[in-house]
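A.B. asks: My structure is below; once you've seen it, I'll send some questions.
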Amino acid sequence: MAGEESTTITIQEPLIQVIQAQEQSEHSVSGIVDDTHLDKSLHRLDFLLSFLGFHQTSVFSSGLSWIAFLVVGIALPVVILKLGNCSASACEKYQVEDFEYDVLASQASLGVASLLCLSYNLRSYGIRKFLFVDRYSGHVVRFMDQYIHKIRNSYCQLVFWLLPCLILKTAREIVRLSNVNEGWWQSAGISLALIISWTYVNSINLAACILFQLVCNLQVIHFEDYGKLLERESNIFDLMEKHIRLRNYLSEISHRFRIYLVLLFLIVTASQFVTLMQTTGYDGTITLINGGDFVVNSVIQVVGITLCLHAATKISHKAQAIASVAAKWHAFVTCSLEGMQSRRRLLSFGSLGSANNYSSRLRYNYYSESDLESLDSMTLPAELRLASSFVSSYHMRQSFVLYLQTNPGGITIFGWTVDRAFISTIFFLELSLVLFVLGQTIVLSPNPILP
């Protein structure tokens, strides 16, 4: 019988090991397959960024991207505007040259800022570390589907915002050039060249804003998972370690994008300031044909800065909301343990007499010398040990909540946290600038005083 039992045990143990090995291999294979899908998504994203000129990893690629930007984005529309055969009377109705140069300067300035800042970060960190989806961080397998969904959503946003403006720009160019006395083929070539130049430059501008939004949205996944982790994790040290890592991610994002965000805000503000000055100070008639580029350019720039501010505000408030979630978790755990403590005391003591007997055992008034010597090795009752551990865990949770409240985290720009208060400050600053410009350009004549 003993021999049979030993053989069955030796047969069962390898079988269990084989099953566990198969499960581990299946899990690893699924992780590899998911990682392959993420690699494909990142490769497509990297290809799009390389096509737009952000992928400047060598001298050749940097020179090629800047030459393409200077030729297609700046030189081509300037040459067309300089060499256009258009009389002053005809162009005044369908094209204002000062308007065109102002729009071109604002687009080119924003494109240069986008290429400089984002190409430097991509060259320094690579696409994986730039998006914080490094395969060695331990989060890739868990958040694989969400990563891929966010990356695909960024493509949809780029098309969603760029396509309506492209249609409006195309319609404006067709109407404008159809009324200019030039040949059909020449007008079609000029329209096509201007549309390609506009699409290229504004694709760079919008792609930079959407890329920043993608980085913030990927961190939103981590913070939402951290809020769920508070419901099932009880180790304070693990929670603090994970929160410190998330705060470091936000600090790195703020450090990488702070110059870009400042340049974006300054360029968009200056562009809108010039647009308002030009349109309110112009003596002629402004229509959607001769001033349509101002409208399209303003839409692109306002959409870009809105996407950046919305993404930064969202991740900042997600980071700040962790403190309230942790406070609620702390209160719930404290009340649950307090109720458990009271029930255990009632069950252990039973009655007032047993409570008195229990308290009398803790008095050391009538011990002999040998008994007093044995007090050093005396252990506390289970109830007191549970109370001390309860107090210790309470203080740990309390210090953890205090740490979260004093270290909220978020996207910062040179120390300024991008949240709702920051956006309100920007709004009133822009409103003051608009009112100032209107006060300088629009003059209302007073009503004559009747005798």
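A.B. asks: Per-residue counts of other Cβ atoms within 10 Å, averaged by peptide: what ranking do you get for 427-435, 198-206, highest first?
C.D. replies: Highest to lowest by the protection proxy: 198-206, 427-435.
A.B. asks: Take Ile196 and Ala171, extend 7 Å from each Cα along the Cα→Cβ direction, and tell me the distance between the two endpoints in nm.
C.D. replies: Inter-label distance under the simple model: 2.5 nm.
A.B. asks: Within segment 298-322, which residues have the backbone N less than 16 Å from the label spot 7 Å out from Ser424 along Cα→beta-carbon, could you tell me?
C.D. replies: 313, 317
A.B. asks: Report the FRET efficiency, 1/(1 + (r/R0)^6), for Met240 and Trp185, where r is their Cβ-Cβ distance and R0 is 56 Å, rounded to 0.05.
C.D. replies: Approximately 0.20, to the nearest 0.05.
A.B. asks: While we're on this one: What lysines does Lys82 reach when the alpha-carbon gap must be under 25 Å and sequence neighbours fewer than 8 apart in one chain are set aside?
C.D. replies: Counting by Cα, and skipping residues close in sequence, Lys82 has these lysines nearby: Lys93, Lys169.
A.B. asks: Order these peptides, 65-72, 291-298, by their mean beta-carbon neighbour count within 10 angstrom, highest first.
C.D. replies: Packing proxy ranking, top to bottom: 291-298, 65-72.
A.B. asks: Between beta-carbons, use under 15 Å as the cut-off and find the net charge around Ala105, counting Lys and Arg +1, Asp and Glu -1.
C.D. replies: -4
A.B. asks: Which distance in nm do the two modelled labels at Asp134 and Gln398 give, with both placed 7 Å along the Cα-to-Cβ direction?
C.D. replies: 3.8 nm
A.B. asks: Once R0 is set to 30 Å, what does the formula 1/(1 + (r/R0)^6) return for the Cβ-Cβ distance between Tyr120 and Val78, expressed as a FRET efficiency to the nearest 0.05?
C.D. replies: 0.65
A.B. asks: Can you list residues whose amide H is under 5 Å from Ile413's amide H, if they're 5+ apart or on another chain and H is modeled 1.01 Å from N?
C.D. replies: Val418
A.B. asks: Follow-up. For segment 173-280, run through the GluC sites (Glu not before Pro) and keep only the ones in DSSP coil with at most 14 other Cβ atoms within 10 Å of their Cβ.
C.D. replies: Hits after loop and neighbour filter: Glu233.
A.B. asks: Express in nm, to one decimal, how much length is gained between Ile127 and Leu438 on full extension, taking 0.36 nm for each residue of separation and deducting their alpha carbon distance.
C.D. replies: Additional length available on full extension: 107.5 nm.
A.B. asks: Now, a different point. What ranking, highest mean first, results for peptides 143-156, 209-222, 261-274 when packing means the other Cβ atoms within 10 Å averaged over each residue?
C.D. replies: Result, highest mean first: 209-222, 261-274, 143-156.
Read the figures in this text as sums done on the coordinates, not as results from a lab. Values in this document were obtained by computation on a predicted structure and should not be read as measured data. Quick reminder, even Gly has a Cβ in these numbers, built from the backbone with ideal geometry, and neighbours come from all protein chains shown.
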